[in-house]
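The values are calculated or read from the model by the stated rules, or taken from the named source; none is laboratory data. This structure is a prediction, so every number in the text was calculated from the model and none was measured. A quick note on method: Cβ atoms are made from the backbone with ideal geometry, for glycine too, and the neighbour counts reach across all protein chains shown. Surface accessibility is based on the protein's heavy atoms, side chains included, excluding ligands, DNA and RNA. Shrake-Rupley method; radii C 1.70, N 1.55, O 1.52, S 1.80 Å.
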Amino acid sequence: LGGLAVDISERRRMEIEMRRLAQAVEQSPVGIVITNLAAEVEYVNAAFLQMTGRSAEELLGQNQRILQSGKTPSATYLSLWAALSSGHSWKGELINRRKDGSEYVVFSNITPLRQPDGRVTHYLAAAEDITEKKRIGAELDQHRYHLEELIRLRTNDLQFAKSQAE
């Protein structure tokens with residue numbers, strides 16, 4: 001009878017742990033999507049749904065191609081599939097399209113999910129919408145370029161004034 005109590009408490013501990021893991025994935029601020037080997041969506045978390053503007057019903061069973069904007073270079077997809085096909089992870093940027101048609105840039109870390117026997121059966125993607133970060137980066141680059149141009153003009157003015165004074 002004592003062995004039965006241990007088995008039940010171990011099972012209970014495992015169930016609690018599984019619930020905790022499921023909760024962590026579901027509530028993650030990073031978009032999580034799991035696909036089969038044909039890139040058909042089998043799981044999405046709330047952050048991924050928010051990022052894409054789609055519902056789970058619209059994504060489940062669909063190929064991830066429905067998110068493509070057509071603006072991600074084909075070399076990016078070739079690199080992604082070459083890595084995944086050889087059992088390696090891939091990290092990179094994809095330009096996707098939300099349900100409303102607006103584009104967004106996502107940084108994805110995609111990794112093969114292996115079964116205990118080593119077989120890859122699914123892909124797990126952790127995706128972060130970096131559209132705003134890229135916009136701010138481009139804005140900062142623009143400001144930096146503008147400041148460099150102002151400094152160049154001022155330097156020229158000062159050199160001219162100095163030569164005039166001499």
Inter-part gap, Cα centre of segment 128-147 to Cα centre of segment 78-107, in whole angstrom, is 21 Å
Counting only protein heavy atoms, what percent of the accessible surface of segment 92-166 is carbon or sulfur at a 1.4 Å probe? 58 percent
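Using a 1.4 angstrom probe, figure out how much accessible area the chain has per residue, in square angstrom, rounded to the nearest whole.
69 Å²
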Contour minus Cα-Cα span, residue 19 to residue 144, at 0.36 nm per residue, comes to 40.1 nm
Whole-Hz Karplus couplings 3J(HN,Hα) for segment 120-131, θ = phi - 60° and coefficients 6.51, -1.76, 1.60, Gly and Pro as x, run 8, 10, 8, 10, 10, 10, 10, 10, 10, 6, 10, 3
Under 5 Å between amide hydrogens, which residues at least 5 positions from residue 54 or on another chain qualify, with H placed 1.01 Å from N in the peptide plane? 99
Go ahead and estimate [θ] at 222 nm for the chain from helices alone: -39,500 (n - 2.57) per DSSP H run with n ≥ 4, summed, over the residue count, rounded to 500. -17000 deg cm²/dmol
Which of the three applies to segment 78-166, rounded, prolate or oblate, going by the alpha-carbon gyration tensor with a ≥ b ≥ c and a/c under 1.5 meaning rounded? prolate
Label points 7 Å out from Cα along the Cβ direction at residue 136 and residue 100: separation in nm? 2.1 nm
Could you list which residues have their amide H under 5 Å from that of residue 122, counting only those 5 or more apart in sequence or on another chain, with H placed in the peptide plane? 113
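Based on the Cβ-Cβ distance from residue 89 to residue 27, what FRET efficiency comes out when R0 is 22 Å, to the nearest 0.05? Don't jump to the answer; show the numbers that get you there.
On the way: r = 23 Å, r/R0 = 1.07.
E(calc), rounded to 0.05, equals 0.40.
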Once amide hydrogens are built 1.01 Å from N within the peptide plane, the residues lying 5 or more places from residue 43 or on another chain with amide H under 5 Å from its amide H are 34
Student exercise, segment 1-70 dipole from Lys, Arg, Asp, Glu Cβ charges, in Debye to nearest 20: 160 debye
Excluding residues fewer than 8 places away in the same chain, name every one of the aspartates and glutamates whose C-alpha is closer than 16 Å to that of residue 91. 128, 129
